[in-house]
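Report on one structure; see the data block that follows.
The values are calculated or read from the model by the stated rules, or taken from the named source; none is laboratory data. On a predicted model such as this, the values are computed, not experimentally measured, just so you know. As a convention, Cβ positions derive from the backbone with ideal geometry for all residues, glycine included, and neighbour counts pool all protein chains shown. We work out accessible area using only protein heavy atoms, side chains counted, and drop any ligands, DNA or RNA first. Shrake-Rupley method; radii C 1.70, N 1.55, O 1.52, S 1.80 Å.
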Amino acid sequence: MCKVSNKALVRIEGADYAVPQTWARLDAKAYIGVEEITVACKGTEIILPKQVPGSRYIRYRNYLPELARKPQAVRQVAPNLVTELGEPFPQLWEMLSSVYGGREAGRVLSRILGAVLEHGEEEVKEALRKSLAVGKIDLLALAKKLQDSSITLEIDLPENLQQFEIEKAKAKDYDWMLAGGKL
């Protein structure tokens, strides 16, 4: 029996292992093998590679709910997180970082992680692949693809503004639109 910390970590044989965030502060059972450790809690089991004492094994996927709310934390763990999530996330992070810089890129990725939680990883990955295929991330198109069919986002753009194309903007400029704002 082992106790899961409030940061969703368990210490087994001197090494720390990240477990799902929903297990925080609960009791878990650990089954220790030669190369793997199985941790069981709340009727679910996860298998982790055994680590040497004093080391940590972190799966950032376990922290998606927290990361979706904390852009600064996303920025700090982004290289490992996007690698763990797999394509197209590394390509997305590279594009966001080069266009917006690390701070704003963390904010955007944090919101996209929220979409992963709300709509599912595969659906978000597919939407991102389509956006990246044309060499840009259109957050409005991404939101439109992911939004529930019962919710519609309508923007009444005055005719005299329809001739303008915005080539570059900050992602936070679109937050109000994603929230259903109107011009």
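Structural remarks
- Unique match (being modelled with pLDDT of 70 or more, open to solvent by less than 30 Å² (accessible area, probe 1.4 Å) and on the phi > 0 side of the Ramachandran plot) among 120, 106, 114, 135: 120
- Each residue in the stretch 52-84 was checked for being in contact with a helix residue (DSSP H, G or I) (Cβ under 7 Å, 6 or more places away or on another chain) and either over 20 Å from residue 22 (Cα atoms) or not in a loop (DSSP other than H, G, I, E, B) (or both), and 20 of them qualify.
- Scanning the stretch 8-51 for residues that are touching a residue at least 12 places away in the same chain (Cβ under 8 Å), assigned to a strand (DSSP E or B) and of a type in the set (Ser, Thr, Tyr) yields a total of 2.
- Set side by side, the residues 8, 40, 68 differ, and just one is within 21 Å of residue 121 (Cα to Cα) and at pLDDT below 95, which is 68.
- Inter-residue pairs, beta-carbon under 6 Å, first closer than 18 Å to residue 71 by Cα and assigned to a helix (DSSP H, G or I) and in the stretch 105-125, second open to solvent by 70 Å² or more (accessible area, probe 1.4 Å) and of a type outside the set (Gly, Ala, Ser), 6+ apart: 106/75
- Checked against (1) farther than 24 Å from residue 119 by Cα; (2) in contact with a Phe, Trp or Tyr (Cβ under 7 Å, 6 or more places away or on another chain); (3) not charged (D, E, K, R), residue 52 passes all but a single condition, namely (2).
- Hits in the stretch 33-63 (condition: aromatic (Phe, Trp, Tyr) and open to solvent by less than 30 Å² (accessible area, probe 1.4 Å)): none
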